[in-house]
Amino acid sequence: MSVAPATHVLIMGPQGAGKGTQAALVAPRLDLVHVSTGDLFREVMASGSQLGEEIRGYYDRGALVPDALTVRMLLDRIDQMRREHPALRGALIDGFPRNQAQAEALETALTARGERLVAVISVEAPRQVLIERLSGRLICPNCGATYHREFNPPRVPGVCDVCGSALTQRSDDTPEAVARRLAIYDEQTQPVLAYYERQGLLLSVDGDRPIDEVTTAIVQALATRVD
Ligand code: AP5
Ligand code: MG
Ligand code: ZN
């Protein structure tokens, strides 16, 4: 039985723009699987393995995990997703690439597999908005669902709507780590958007609006790329 070659979409943007929030809402509507490198790292850290401890050394201070490890984990997860969901069209990739080397590694790997990117969504919001969002963010350590104390509260304070677990703050949402993450975004990640713009893949979306409006804008922007 042959499986159609996968087509993938990237969702990029600064820390707190709403990549994870939007990817979770958009992916099921477009038959894509949400794959987040940040979520992959949080899973491995939660497992308590030696690899998890190595990752924590980068993650908690807001530094990038080394490219080779990140690329390998992302590609393994895409392969696993293709085996488990052969009927889906591909992945909505959140949090990758963060630099030009990762962008090129992804392109090489997809070409070798006969797969391709069809669009890159860039979600934007002003810096002050990003900082307010990150300082009030709560996540579910069990299922990964994302909330905000004020802007997107759970039905019962401190409890995940999806699975009932106790919500926590992310270990990298400290002021110091947030500042480092945003600086790395400005220096290394933002320039990658121009690379995708030159390829005609970039679709910019204003993320400084209510969550459901941003979702509608992303789905509309992707309508011509993902049929
Ligand atoms: P990752 O987990 O990807 O974190 P990030 O890039 O720092 O981005 P965030 O998850 O903080 O932002 P988001 O845009 O997803 O915002 P969210 O939807 O949660 O990466 C973490 C770390 O892992 C990195 O620092 C690095 O160490 C490592 N890593 C990951 N990928 C890597 C890679 N490729 N290479 C190397 N290292 C890598 O929303 C934020 C808050 O705002 C939430 O509270 C949400 O409820 C709220 N919110 C969202 N949308 C709205 C809205 N429209 N209105 C009001 N509130 C909103
Ligand atoms: Mg995220
Ligand atoms: Zn949960």
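Listing for the model above:
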| quantity | calculated |
| --- | --- |
| Residue that is nearest to the chain's Cα centre (by Cα) [pool: residues in the stretch 167-226 that are assigned to a helix (DSSP H, G or I) and basic (Lys, Arg)] | ARG181 |
| Single residue of the stretch 1-23 satisfying the filter (open to solvent by 10 Å² or more (accessible area, probe 1.4 Å) and over 24 Å from ALA177 (Cα atoms)) that is modelled with the highest pLDDT | THR7 |
| Long-range neighbours under 8 Å by Cβ, at least six apart or interchain, first residue in a strand (DSSP E or B) within the stretch 119-140, second within 13 Å of ligand 2 (Cβ to nearest atom) and open to solvent by 30 Å² or more (accessible area, probe 1.4 Å) | ARG137/THR146; ARG137/ARG170; LEU138/THR146; ILE139/THR146; ILE139/ARG170 |
| Sole residue being closer than 18 Å to GLU104 by Cβ and not aliphatic (A, V, I, L, M), chosen from THR189, THR224 | THR189 |
| Test: residue in the stretch 152-160 that is in contact with a Ser or Thr (Cβ under 9 Å, 6 or more places away or on another chain), modelled with pLDDT of 95 or more, of a type outside the set (Lys, Arg) and within 21 Å of PRO14 (Cα to Cα) | yes |
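This table checks each residue for (1) within 16 Å of ligand 2 (Cβ to nearest atom); (2) more than 22 Å from SER204 (Cα to Cα); (3) open to solvent by less than 70 Å² (accessible area, probe 1.4 Å).
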position: SER49; (1), (2), (3): no, yes, yes
position: ILE55; (1), (2), (3): yes, yes, yes
position: MET73; (1), (2), (3): yes, yes, yes
position: ARG82; (1), (2), (3): no, yes, yes
position: GLY95; (1), (2), (3): yes, no, yes
position: ALA109; (1), (2), (3): no, yes, yes
position: ALA119; (1), (2), (3): no, no, yes
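The values are calculated or read from the model by the stated rules, or taken from the named source; none is laboratory data. Just so it is clear, the structure is predicted and the values come from calculations on it, not from any experiment. Backbone-built Cβ (ideal geometry, glycine too); neighbour counts: all protein chains shown. When the accessible area is computed, the model is the full protein with side chains, heavy atoms only, and any ligands, DNA or RNA have been set aside. Shrake-Rupley method; radii C 1.70, N 1.55, O 1.52, S 1.80 Å.
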